[in-house]
Amino acid sequence: MYKVSRWSAVSTQTVLVGWAVIVIFPMIWMIYSSLKTDQELFFSPWAPPMELQWDNFARAWTKAHVGDYLLNTLIVVIPALLLTLIISAMAAYVLARFEFVGRRFLFYMFLSGMLFPVFLALVPLFSLVNQLKMLNTFHGLILVYIAYSLPFTIFFLTGFFKTLPTEIEESAIMDGANPYQVFFKVMLPMASPGLISMGIFNFLGMWNQYVLPLVLISDESKYMLSQGLAFMLFKQFYENDWSALFAALTIIMVPTLIVYITFQKQIQDGITTGALKG
Amino acid sequence: MKKSGISRRRFIEYTGAAGMGIGLSSVLPQTSLAKTGIKVASGAANPLGLASNTQAEGVFFSGGFGHAYIEYAAEIFGEVHPGSSMSVEGIQRVGERLRPRIIAGNPPDVIDNSGAGNLDTGALVGEGELMDLGPLMSAPALDTPGKTFGETLFPGSQNSGLFDGVQRYVNIAFTVFGVWHSKSLFDEKGWNYPTTWDGMLSLCDTIKTSGIAPWTYQGKYPQYMLFGLLEPIVSKIGGPQIWKDVDNLVPSAWEHPAMLQALNMMKALHDNGYIMEGTSGLTHTESQAEWLQNKAAFIPCGTWLENEMRSITPGGFNMVIKPVPSDDASRLSWIDASSGEPFMVFSNGKNPVAGMEFLRCLLSKESAKWFAQNVGSIMPVVGGAEGVDLSSAMTSALAAVDNAGPNILDRPSFPGWYSDIYSEVKDSMGALLTGRASAEEFIERVQGASDEVREDEDIVKFKRT
Amino acid sequence: MRRNKYGIILPFLAPAIILYSLFVIYPYSQAMYVAFTKWKGLRKSPRFVGLDNFEKMLGDDKFWNALSNNLIYLFVLPIVTLGFALFMAFMISQKVRFNNFYRVTYFFPQVMSVVAIGILWSFVYHPTIGIFSSLLKAVGIKNPPVWLGDPDTALWSIVAVTVWQSAGFFMVIFMAGMLSIPKSLYEAAALDGAGRGSTFFRITFPLLWENTRSSLVFITVIAMDMFGITFTMTQGGPDRSTDVLATLLYEHAFLHSRFGYATSIAMVYFIIVIVLTLLIFRVTRRETVEF
């Protein structure tokens, strides 16, 4: 389109390659450090391992329960995510398509939830969940995850439903479909791009959530991933097992990396459209 | 310097470590139980009236000592009370884990409230959360016939758990605090442990020229330099009254000239470049790991050090503990030794009696022996180390206590009573040792925090005599 | 047009309203009250003290220290992160070679857990195990800074990690905006003989207001929070040099048993976020260019 000098093309590539190295290298270092002994970690941070210490992974998986934390997180995140999407979609559909008393009020009430810092609610939330006898339970955490994902998801999906054409919906009603059939058979499929965006956006938020489980789950066998990892770090302060900590980091990061590379297009679209609508 | 109340020779008697265990043979019949082999004294099986089939819950800090010794005590508990049990969970960051349950009115029955991020003891006492352990103290001891539980513990060892005369927790580890070095390294290099602080500085100079950093400390946790150095040095220069004044929030207590002198002595370590590069960025186990590789010659710590680092201690390292030198060589032997690791029972737990009963098992002679043997430290239980082979580290600690004679220094109580002052001390200590605060600034900051606590009506105050 | 519309409105809204009122509205309204009380966070109930907590805050050096650290982040992070992200977005959208690879790579830290990032980077900065210090030693710097152990460098080390984590995210946001700019505008500029620089400043950047506004709101929220990364890397130390409002209020609540005061700090934090968000929307409102 316009003239790009050779020099500037080279310098552009240099900057881009440089940043790529800065992003990638810590992770490569983490992976090969996870295969070293503690002695090697201390004496030669750069050197690759003399002998691969798979045992580090075994310790991280069993002794440090990284496997359990992964499973716990899946048990909570999958239902929380599905329910968030369906509950938000129902509310958003009504907010976008029906006129009724209090509609604006409800919309702004949900919207306000996006502005509260979670720290403000931490202590009362704890007392509440305790009164409901849901501390240290997965279903308690699932309900809290849903509640805190609603504001943004409803806000986003309301906007999304508004952009959908009304003709198909109306012709379905003409054909005699009841409102439930209209929603589940017609509207939901049409909204699937928006639901996918929100699904990815919320999945990452819930998967990496740290503060909520820190307060609501105190039983070590029910820890979430981030919480379990932080717990390992603090435990590490007493146990001198750095290599297992590196192994745990690797165990957590590699699957994330694989999923990310496989779905990177959808993930980036999901997060950025989510972010831009906010 | 009486407070701890253990006199020179009697200390050896108490521990029984030197094989001179006091004869506790008794004419009273005893029942021996199968697994742990504990011999329950007659009439001591259930003095507190534990209901049968009690399933109690304990949550314990698992740090330098680990928590295998607590599991052993739970085994004793189960044998003494068939059908009942004490569950044992080892955790870190006790405050974060347990506060929710305390607010909820659902605390465990018994806890070990130690380590970084523990619960604010002053607030727990002030709010009436902790059980009065008086009945436990006067109950018969589990396996020492004819004595009450309280009588089997080292004299003075439970004073820090007294709040306005009421026993709110018991300390289960007798700890000696001081300066550690590798005897092998010092022998190899021909270095001798100094008798004065000036001697320390000139030895540091020698060490530095040899390419080893003279000092390191537990970087991110500068409080190790409080109990390792500042506390004993101040007491050696100005006497133990200073720390009592500090604990009692006496105005200007921190401005005592001995404080300034001690802080300046410590600051000299930084000013002369004697502290290992990178120290301030390390956690406690990381700095201790560096020290174990002879990258630094001295490190402050308590006697849990040996067990904490056992898995990565090189063979033949021979760690030994010494009292910190001060301005006066004649006071070299004075050393900090006290009981710590507070175990508490919650007044509104489900089974407070089980909590107390568990402590009676934990501080039994049988459990104390297991602790000495397997953890390499000692409990403040009379005769608790009888017939046990102690490691070089523990032997050196007991020798240091022995040398100190009556001059066993007490640790101040403000860290447990007033978390605000303690936080300020930690921050200021880090600043002092990295050259960012002068001794005068340290004093000004900490005195300021102390004044604020004194004037804050919402903080419950305690008195030390 | 619709019969018995409340037959669908109520059941469709009910689950969202119930969950949201119970777990979000109710705790936040409780918090509004706790901020005006003294409460040790143990069993005894909060005691109402009016504005005491806020008065105390005015004279609390630790509060001002934490707030000023947040302000440093608020000032530095948008400039550095967004500037860098914009720069890279522009370069990559120029169809450089491997642009897809760069886009995928740069974005990855965004999907990682903050805790994992905090732990990984505290090891990167580690004085003995860390690669960073040993790299500097290798090139002849004898005593490299103790990054997280020195109050002069700790905050900036955390800034660097935050840039590392979020630059790719903002880059993708800007790229989304750039792709929607009509090609014809660029072609016209090229015909006028504009270079890369003037194309960027005269066409690309003005058309990105929407994206810039969203990015500003996001980076403001990040700069005000910083809890996860600080808590895993330094816990506010050394000597409070990385303390922010979130870690300070956590400390007051969970270390010193001052839940009332902690909640009042959270209120201030909340008000700052609200005011800044409104401000950003106000300032950028009329600048949006339609095409």
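The values are calculated or read from the model by the stated rules, or taken from the named source; none is laboratory data. Small disclaimer: the values here were computed from a predicted structure and weren't measured. Using ideal geometry, Cβ is built from the backbone for each residue, glycine included, and neighbour counts are taken over all protein chains shown. Side chains included, ligands, DNA and RNA excluded: accessible areas come from the protein's heavy atoms. Shrake-Rupley method; radii C 1.70, N 1.55, O 1.52, S 1.80 Å.
One table, with the values for the structure above:
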quantity: Sequence of C:VAL268, A:VAL10, A:VAL77 when ordered by accessible area, the most exposed leading, probe 1.4 angstrom; calculated: A:VAL10, C:VAL268, A:VAL77
quantity: Residue-wise HN-Hα coupling along segment A:251-268, computed from phi with Karplus coefficients 6.51, -1.76, 1.60 (Hz; x: Gly, Pro); calculated: 4, 7, 7, 4, x, 4, 5, 5, 4, 5, 5, 5, 10, 4, 4, 5, 5, 5
quantity: Simple spin-label estimate for A:LEU132 and B:ASP187 in nanometres, 7 Å along Cα-Cβ; calculated: 6.5
quantity: Accessible surface of segment B:381-465 [probe 1.4 Å, protein heavy atoms]: carbon and sulfur percent; calculated: 46
quantity: Antiparallel content of DSSP bridges confined to the protein assembly as shown, in %, to 5; calculated: 65
quantity: Distribution of pairwise C-alpha distances over segment B:205-304, 10 Å bins, in %; calculated: 15, 41, 30, 12, 1
quantity: B:SER42 accessible area, 1.4 Å probe, all protein chains in place, Å² to nearest 10; calculated: 70
quantity: Calculated P(r) tail over 35 Å for chain C, as whole % of Cα pairs; calculated: 37
quantity: For B:SER87, residues with placed amide H under 5 Å, excluding near neighbours; calculated: B:ALA56, B:GLU57, B:GLY58
quantity: Size of electric dipole in the protein assembly as shown: Cβ of Lys, Arg +1 and of Asp, Glu -1, about Cα centre, debye, nearest 20; calculated: 2520
quantity: Fully extended contour minus Cα-Cα distance, from B:GLN373 to B:ASN403, at 0.36 nm per residue; calculated: 8.5 nm
quantity: Accessible-area value, C:TRP156, 1.4 Å probe, nucleic acids and ligands omitted, Å²; calculated: 120
quantity: When the convex hull of its Cα atoms is projected in every direction, mean area for segment C:167-210 (nm²); calculated: 3.1
quantity: Per DSSP, loop trypsin sites (Lys or Arg not before Pro) in segment C:45-124 with at most 15 further Cβ within 10 Å; calculated: C:LYS95, C:ARG97
quantity: Residues of type aspartates and glutamates that B:LYS183 reaches as a straight line, Cα spacing below 15 Å, ignoring anything fewer than 8 places off in the same chain; calculated: B:GLU306
quantity: Exercise: per-residue mean of other protein chain Cβ atoms within 10 Å, A:83-96; calculated: 4
quantity: FRET efficiency for A:LYS63 and C:ASP152, using Cβ-Cβ distance with R0 set to 45 Å, rounded to 0.05; calculated: 0.70
quantity: Gained length - B:ALA104 relative to B:ASP132, 0.36 nm times residue gap less alpha-carbon distance; calculated: 8.0 nm
quantity: Local electrostatic count at B:LEU263 - Lys and Arg +1, Asp and Glu -1, tallied over other residues with Cβ under 11 Å; calculated: -1
quantity: Karplus 3J(HN,Hα) series, Hz, for segment C:24-30 with 6.51 cos²θ - 1.76 cosθ + 1.60 (x for Gly, Pro); calculated: 10, 4, 4, x, 5, 6, 4
quantity: Per-residue HN-Hα couplings for segment C:250-265 [Karplus 6.51, -1.76, 1.60; θ = phi - 60°; Hz; x = Gly/Pro]; calculated: 4, 5, 4, 5, 9, 9, 9, 6, 10, 6, x, 4, 4, 5, 5, 5
quantity: Taking the C-alpha atoms of chain B, convex hull volume expressed per residue in Å³; calculated: 130
quantity: Between 0 and 90°, nearest 10: helix A:103-112 axis offset from chain A longest Cα axis; calculated: 10
quantity: Amide N proximity, segment A:85-100 versus A:THR166 label position 7 Å along Cα-to-Cβ, cut-off under 11 Å; calculated: A:97-99
quantity: Two-site label geometry, C:PHE48 and A:PHE25: point separation in nm, points 7 Å out along Cα→Cβ; calculated: 6.0
quantity: Over 22 Å between alpha carbons, listed pairs B:LYS295/C:LYS137; B:LYS220/B:LYS461; A:LYS265/C:LYS95; B:LYS189/B:LYS322; B:LYS189/C:LYS137; calculated: B:LYS220/B:LYS461; B:LYS189/C:LYS137
quantity: Under-5 Å amide H pairs with B:ILE378, H placed in peptide plane, nonlocal only; calculated: B:PHE174
quantity: Sites A:ARG104 and B:ASN264, calculated FRET efficiency, Cβ-Cβ separation with R0 45 Å, nearest 0.05; calculated: 0.10
quantity: Cubic angstrom per residue, convex hull over Cα atoms of the protein assembly as shown; calculated: 184
quantity: FRET E, pair A:ILE196, A:VAL259, Förster distance 22 Å, beta-carbon r, rounded to 0.05; calculated: 0.90
quantity: Under 10 Å, Cβ to Cβ, from B:ASN351 - net charge with Lys/Arg +1 and Asp/Glu -1; calculated: -2
quantity: Distance between modelled label sites at B:ASP451 and C:ILE271, nm, 7 Å Cα→Cβ extension; calculated: 2.8
quantity: Cβ-defined net charge surrounding A:THR137, 15 Å radius [Lys, Arg +1; Asp, Glu -1]; calculated: +1
quantity: Probe 1.4 Å - accessible area at C:VAL80, Å² to nearest ten; calculated: 70
